[in-house]
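Coordinate-derived values only; no laboratory data. Just so it is clear, the structure is predicted and the values come from calculations on it, not from any experiment.
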Amino acid sequence: MTMSLTSTAFAAGESIPTKYTCDGKNVSPPLQWDQPPAVTQSLALIVDDPDAPSGMFVHWVYYDLPPASRGLPEDVSTDAKPSQGGTNGNNGAGRSGYTGPCPPSGTHRYFFRLYALDTKLDGAAGLTKDQFLQSMEGHILAQAELMGVYSRSK
């Protein structure tokens, strides 16, 4: 099953505004999604950049979001347990929460992937993407994807 994932900050395939990058305020963009399957126990989000020079760079790992939630506001806290629920994992820089696009050169693609899970991970804060993917293996009910691009002006 698929779900939809959108943002009021940018459309699918379009440029991510500077505000949400290392060249701006480096805050997470607002996101919205539709209703997940009825048996969903939690939602989770991964944001990554497959065009990074070292391979995949992870910009955000966020899990155990309440299944009744239908989006995230702009500027979600990088605290381990943000006020809107859920738990922040560690990004590719080894820090908790979101870190925005910051490509060294060229235009990079940034994939925001939302997962509806039939379980709550109940993991400690700070899971890496690999740990998170292992934990949710076999538990994905539905997913959604939103891709934006960004290139830095020099």
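Taking all pairs of distinct Cα atoms, average 1/r, flip it, and tell me the Kirkwood hydrodynamic radius of segment 75-154 in Å to one decimal place. Result for segment 75-154 stands at 14.3 Å. DSSP assigns beta bridges within the chain; of those with both partners inside it, close to 95 percent run antiparallel. Estimated from helical segments only, the mean residue ellipticity of the chain at 222 nm is -1500 deg cm²/dmol, where each DSSP H run of four or more residues counts as -39500 (n - 2.57). Note that segment 1-76, at 4 °C in a medium of 1.567 mPa s, gets a Stokes-Einstein diffusion coefficient of 94 µm²/s from its Kirkwood radius over C-alpha pairs. In segment 39-101 the Cα-Cα distances spread across 10 Å bins starting at 0 as 22, 50, 23, 4 percent of all pairs. Largest first and in whole Å, the equivalent-ellipsoid semi-axes of the chain read 24, 16, 14, each the square root of five times a Cα gyration tensor eigenvalue. Taking every C-alpha pair closer than 8 Å and separated by at least 6 residues, the mean separation divided by the residue count of the chain gives a relative contact order of 31 percent.
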